[in-house]
Amino acid sequence: MTAALKPHWTCGAFREGVIATLPLMPGLFAFGTVAARKGFSLLDALTMSGIVFSGVAQIIVVDAWPEQLTVTSMFAIVVATFVICSRFLLIGAAMRPLLGKLPAAQVYPFLHFMVEPPWLLGLRYERNGGRDPGFIFGSAAACWVVWVVSTAPGFWLGSSVDPYRFGLDMVMPAFFTAMLVSLWQGPRKAIGWPVAAMVAVAADWLFGGFWYAVLGALAGSIVGGLADE
């Protein structure tokens, strides 16, 4: 295979991915605020942001972090993390058209940085005819850098002000609600959304803890799968 035909990505597409991700940046500082409220140190929060980097899973697990770790609470954390992060199986599969032609040595390390914004933006980029994997790399890099760097100011906010007073606890829900716009393909394919929301609210009211995330995700997935043509 000649050099001209080898799969590659370009700096131009990387820069385009970074720019496309910038409007989503305000939603990425929430984790530091949650970690501060739960008594995590800044070093703990920064380390978790850099190494774990799973977005909503970090926020849900830390927000419901028990005062004392027990076998039961640790099992619940593992189950919640597994269910929430299982979304990466589908996200990874959806990215194969853009990433599948790259060498495995480039793709598999990169998957650590794959979260919702580059996935959704990548889907839109591909639907508009884009074929350069650099777009996804740029978007994911922007998300990781901002997620880690913003942990410190978010931590300061959580330590200094009441996030509920200023509505900061609504940043992530608003962020993910806005991202749903890119996934809208008609009411039939979106039927799992309200089902997941209703089950999550009911589970939080009945059981508390992590179960709203687990049961809501399972209910929405099952209904969405059954409604899929």
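The values are calculated or read from the model by the stated rules, or taken from the named source; none is laboratory data. Values in this document were obtained by computation on a predicted structure and should not be read as measured data. Every residue, glycine as well, gets a Cβ built from its backbone with ideal geometry; the counts of neighbours run over all protein chains shown. Areas reflect the complete protein model, heavy atoms only, side chains present, ligands, DNA and RNA absent. Shrake-Rupley method; radii C 1.70, N 1.55, O 1.52, S 1.80 Å.
By how many nm would the segment from Leu226 to Arg165 grow when fully extended, if each residue of separation counts as 0.36 nm and the alpha-carbon distance is taken off?
17.9 nm
Using alpha-carbon pairs under 8 Å, 6+ residues apart, how would you state the relative contact order of the chain in percent?
Result for the chain is 32 percent.
Under a GNM of the chain (C-alpha, springs under 10 Å), which listed residue has the highest mean-square fluctuation: Leu99, Leu218, Leu46?
With Cα springs under 10 Å in the chain, the top fluctuation among Leu99, Leu218, Leu46 is at Leu218.
Tell me the net charge near Ser73. Cut-off is 15 Å between Cβ atoms, Ser73 excluded, with +1 for each Lys or Arg and -1 for each Asp or Glu.
Residues near Ser73 contribute -1 overall.
Probe radius 1.4 Å, ligands and nucleic acids ignored: give me the carbon and sulfur share of the accessible area of the chain as a rounded percent.
70
For n ≥ 4 DSSP H runs only, could you compute -39500 (n - 2.57) per run for the chain, divide by its residues and tell me the 222 nm figure to the nearest 500?
Values: 14 runs with 150 residues, N = 229.
Dividing the helical sum by the residues of the chain leaves -19500 deg cm²/dmol.
Taking the Cα centre of the stretch 11-183 as the origin and placing charges on Cβ (Lys, Arg +1; Asp, Glu -1), which of Val161, Val148, Leu98 is farthest toward the positive end of the dipole?
Toward the positive end, the furthest listed residue is Leu98.
Could you please tell me the mean projected area of the C-alpha convex hull for the stretch 11-183, averaged over all directions and given in square nanometres to one decimal?
On the way: hull surface 42.3 nm².
So the mean shadow area of the Cα hull is 10.6 nm².
Could you order the peptides 53-66, 82-95 from most to least packed, using the average number of other C-beta atoms within 10 Å per residue?
Most protected by this proxy first, the peptides run 53-66, 82-95.
Counting heavy atoms of the protein chains only and a 1.4 Å probe, report the per residue accessible area for the chain as a whole number of Å².
About 56 Å² of surface per residue is accessible.
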